[in-house]
Amino acid sequence: MKKIVILVLAAVLMLGLVACTQPANTNDPDAELNKKSEGVMTYAEYMAAAVDAEVVIEAYVQGNQSWWDNKITLYLQDLDGGYFAYEVACSETDAAKLTKGTKVKISGVKGDWKGEIEVMNGTIEILEGTWVAEATDVTAYLGTDELIKHQNKFVTIKDLTIAAITYKNGEPGDDIYVDFTKDGKTYSFCVERYLTGPETDVYKAFATLQVGDVVDIEGFLYWYDAANTHITAVVKK
Amino acid sequence: MRIFKRLITMLLAITLLSLTFVACHAKRKMEPFVMPEEFDTSREYEISFWAKNDTNMTQVGIYQKAIKDFEAIYPNVKVKLELYTNYADIYKDVINNVMTGTTPNVCITYPDHIATYMMGDNVVVPLDELLVDQKYGLGGDRIEFDSPALSEMVPEFMEECKIGETYYAIPYMRSTEACYINKTFVEKLGYTVPDVLTWDFIFEVSAAAMEKNEDGTFKVNGQDVLIPFIYKSTDNMMIQMLKQKGIDYSTQNGDILMFNDDTKNVLYTIAESASIKAFNTFARISYPANYLNAGQCIFAIDSTAGATWMGSNAPLLDISEDQLVQFETAVRIAPQYDVESPQMISQGPSICVFNKEDDQEVLASWIFAQFMLTNSVQISYAQTEGYVPVTLKAQNSAEYQDYLSREGENNDFYYDIKLKATKLLLDNTENTFVTPVFNGSMSLRNAAGELVEKVNLYARQGKKVDDAYFDSLFESVIINNKLDQRLGMSSKRDLGALPTTSVVLIAVVGAAWLVIGSCYVVGLIKEKKKK
């Protein structure tokens with residue numbers, strides 16, 4: 001009997017040792033989500049790359065502008081940061097597969113368009129895996145150097161007061177430019193019609209909102225010289 | 001046997017139904033437009049007009065006023081305006097609507113685009129007959145407004161609207177490219193801006209401007225950023241370089257000739273400038289005007305229709321006041337290889353009329369299109385930018401001549417850079433050219449721009465540009481733009497699996513024939529047995 005007990009204990013000990021030698025993060029879901037294939041840059045490596053350098057990223061699609069002429073423009077994110085991939089070569093069939101959360105690998109060239117860091121001339125590969133980002137609250141970072149660190153991420157900004165609503169062509173159909181004020185500063189954001197066209201709730205919502213209304217917004221923290229969030233949702237307070 | 005009959009009936013029904021669905025998705029053929037004897041003014045018409053503005057509300061206002069004025073003359077015609085801020089979007093939407101037979105009635109467009117719209121039967125109305133119709137043609141005696149006669153159109157601009165030997169559009173506005181120069185910086189570098197720029201001059205000054213101070217800033221502007229030479233439309237850049245050098249681009253019939261050794265030599269010069277980062281393009285870094293106005297660019301090449309954004313005193317600005325730098329701006333025609341024989345691209349919107357089942361509706365559309373050529377529309381729209389009216393009637397009018405004579409009176413309506421840019425085209429109309437238009441000419445134009453963009457990027461990355469690179473570049477650009485079939489090359493691309501709907505349809509048809517065949521054989525056997 002004693003022998004059996006010793007054997008069992010030894011076996012348990014062995015199992016414990018084996019368990020201890022496993023990588024600590026095997027069951028870490030974050031590590032799994034951010035796992036990159038060979039040759040793929042981390043977010044930090046991507047941001048450190050020079051403009052015009054070739055880059056390869058893996059991230060999760062959080063939004064897209066309308067597909068056209070075998071090209072699609074994507075808003076992407078991983079756990080470390082946001083990406084914007086401009087006019088990635090993509091068939092219509094593949095474009096249909098790019099639902100929110102889809103993991104993709106994009107190879108292209110790093111570009112800087114008026115402060116917007118993006119992947120240009122990209123090609124896409126659809127991978128296994130999905131993840132949908134929660135909106136990061138960047139309200140506290142407005143007007144600070146911290147804000148740009150969240151460029152291209154899916155964000156929320158709260159308690160903004162509408163200062164102006166202007167349709168690109170003077171009437172609904174194209175982009176809507178919206179100026180907001182908060183703490184004495186003005187921020188110019190946009191309802192980008194290729195992302196959220198006239199048929200979407202957010203586009204329709206701005207037809208009913210007025211200067212002076214206080215709202216919370218969600219969107220992608222696009223950049224055009226300064227923060228120029230592409231708004232995807234708005235809630236009047 | 002009864003069960004077989006039922007099965008056959010059912011399968012035949014499925015097959016026929018499938019074929020019906022397929023037929024439903026096929027395009028209906030439009031009958032050609034037939035000129036009515038008279039315009040029926042007793043009827044009401046609603047016509048759609050898709051137009052482009054340069055994010056310029058004055059232009060929007062001019063379209064709206066033109067429609068209001070037209071409707072006052074023709075109260076039975078209502079015009080519905082749809083505005084776009086770029087031609088690509090109009091093109092995209094028209095293509096989608098050609099497929100469904102829901103094109104607009106009248107559309108601002110480019111002849112290259114029209115060539116693609118014409119993939120459908122009788123989609124775009126040929127204008128030869130309409131232009132010269134005594135009653136409703138240009139200056140026709142039944143036209144209720146002061147329409148220009150055909151002889152009052154600028155002939156060069158009219159010619160651009162021909163596809164083959166037929167007119168498919170009328171010109172609306174014309175522009176060309178101009179080089180907007182920071183003259184202050186050129187002189188600071190020890191050069192003088194010549195009357196006609198050469199490519200060599202621009203590349204040389206741009207290289208000289210790359211000299212830096214010890215702290216890493218550029219000597220000429222004292223800033224961290226300087227891109228001496230920026231080109232907005234690289235397709236135009238390539239096309240003009242080829243034309244000026246006498247290098248083949250394409251034939252009138254659509255034979256593609258651009259991919260040759262002479263083209264490589266031109267691209268080498270671009271690569272040289274890009275490799276020292278003295279050159280860049282709109283596609284990579286955005287608008288040349290922003291860099292020019294911030295003192296970060298010396299030679300900005302953009303349309304004359306972008307003149308109101310150029311210079312320290314520009315009425316339109318896309319940068320903040322604190323970024324704006326004061327300098328003297330010079331304006332010249334696009335750079336040349338041979339200054340004695342300048343050649344420059346002619347560009348700018350044209351107007352086409354789409355065919356409809358109702359010929360009266362088409363005639364109403366044509367009359368409206370013609371209204372866009374009246375002096376009031378032509379002059380007011382041309383004045384919004386460095387555009388040139390397309391009619392001699394407008395160009396020679398006292399109103400327009402007075403406008404031209406007041407260059408620099410203020411920095412708004414009479415902004416000197418805008419008027420200088422306008423005069424570049426007025427003085428060089430006979431030196432303009434356009435590329436041949438055919439179905440696929442837009443792809444070739446895109447390919448021309450892609451060559452410059454890719455060489456620029458490759459050289460900027462510090463990679464070696466050589467003949468082997470150009471061979472692979474040509475191949476990829478040809479395939480990207482689907483020019484391989486036109487060039488007679490065999491496409492190596494895998495077309496992929498058949499769509500599911502096609503597979504299902506083929507399977508259904510196959511199965512039906514199989515069952516019919518089986519029944520026939522079974523019938524024969526049974527008949528033999530009976531005998």
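In table form, for the structure just shown:
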read-out: Value in Å of the Kirkwood radius, where chain B supplies the Cα pairs that are averaged; value: 26.3
read-out: Residue among A:Ala140, B:Thr192, B:Thr281 farthest towards the positive dipole end of the protein assembly as shown, charges placed on Cβ; value: A:Ala140
read-out: Percent carbon-and-sulfur accessible area, chain A, ignoring ligands, DNA and RNA, probe 1.4 Å; value: 56
read-out: Cα point-scatterer Debye curve for the range A:30-130, base-10 log of I(q)/I(0) at q = 0.15, 0.23, 0.24 Å⁻¹; value: -0.52, -1.26, -1.37
read-out: Ratio Rg/Rh, restricted to the protein assembly as shown and using Cα atoms, in which Rh is the Kirkwood radius; value: 1.04
read-out: Under-5 Å amide H pairs with A:Val55, H placed in peptide plane, nonlocal only; value: A:Gly108, A:Val109, A:Lys110
read-out: Under the span-like rule (Cα at least 27 Å along the axis, Kyte-Doolittle mean at least 0.5), DSSP H helices of chain B; value: B:2-25, B:500-530
read-out: Distance from the range A:186-232 to the range B:444-471 (C-alpha centre basis), Å; value: 38
read-out: Proximal aspartates and glutamates relative to B:Lys183, as straight alpha-carbon distance under 14 Å, when same-chain residues fewer than 8 apart are discounted; value: B:Asp195, B:Glu328
read-out: Given charges at Cβ of Lys, Arg, Asp, Glu: the range B:69-112 dipole, positive-most of B:Asn86, B:Thr102, B:Ala72; value: B:Thr102
read-out: For the pair A and B, total buried accessible area rounded to nearest 100 Å², probe 1.4 Å; value: 1900
read-out: Cα-based Lys pair tally, the range A:136-236, threshold under 24 Å, eight or more apart or on separate chains; value: 19
read-out: Within the accessible area of the range B:343-433 (1.4 Å probe), percent carbon and sulfur; value: 41
read-out: Total charge dipole magnitude, the range B:228-301, about the Cα centre, Cβ charges on Lys, Arg, Asp, Glu only, Debye to nearest 20; value: 320
read-out: Descending Cα extents along the principal axes, the range A:102-237, whole Å; value: 44, 34, 28
read-out: Rounded to 5, the percent of DSSP beta bridges in the protein assembly as shown classed as antiparallel; value: 75
read-out: Sum of side-chain charges, A:Tyr203 neighbourhood, beta-carbon under 11 Å (Lys, Arg +1; Asp, Glu -1); value: -3
read-out: The range A:122-237: relative contact order in percent, alpha carbon pairs under 8 Å with at least 6 residues between; value: 25
read-out: Candidate lysines for bridging to A:Lys97, where Cα separation is under 16 Å - those fewer than 8 sequence places away on the same chain excluded; value: A:Lys71, A:Lys105
read-out: Protection proxy ranking of B:422-429, B:266-273, B:218-225, A:73-80 - average other beta-carbon atoms within 10 Å, highest first; value: A:73-80, B:266-273, B:422-429, B:218-225
read-out: Sites excluded, GluC sites (Glu not before Pro) in DSSP loops with at most 11 other C-beta within 10 Å, longest stretch of chain A; value: A:39-133
read-out: Cβ-based charge dipole, the range A:30-130, positive-most Cα from A:Val40, A:Phe84, A:Ile72; value: A:Ile72
read-out: Hull-based mean projected area of chain A, where the convex hull spans the alpha carbons, in square nanometres; value: 18.2
read-out: Only Lys, Arg (+1) and Asp, Glu (-1) charged, at Cβ; chain B dipole about Cα centre in debye; value: 3640
read-out: Simple spin-label estimate for B:Glu272 and B:Phe145 in nanometres, 7 Å along Cα-Cβ; value: 5.3
read-out: Net dipole in debye of the range A:30-130 [+1 Lys, Arg Cβ; -1 Asp, Glu Cβ; about Cα centre; nearest 20]; value: 200
read-out: Per-residue SASA entry for A:Tyr167, accessible area with 1.4 Å probe, Å² rounded to 10; value: 40
read-out: Probe 1.4 Å, accessible area per residue of the range A:136-236, Å²; value: 43
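The values are calculated or read from the model by the stated rules, or taken from the named source; none is laboratory data. Just so it is clear, the model here is predicted, and its values are computed rather than measured. FYI the Cβ positions are ideal-geometry reconstructions off the backbone, even for glycines, and counts take in every protein chain you see. Each accessible area value is taken on the protein alone, full model and side chains, heavy atoms only, with ligands, DNA and RNA left out. Shrake-Rupley method; radii C 1.70, N 1.55, O 1.52, S 1.80 Å.
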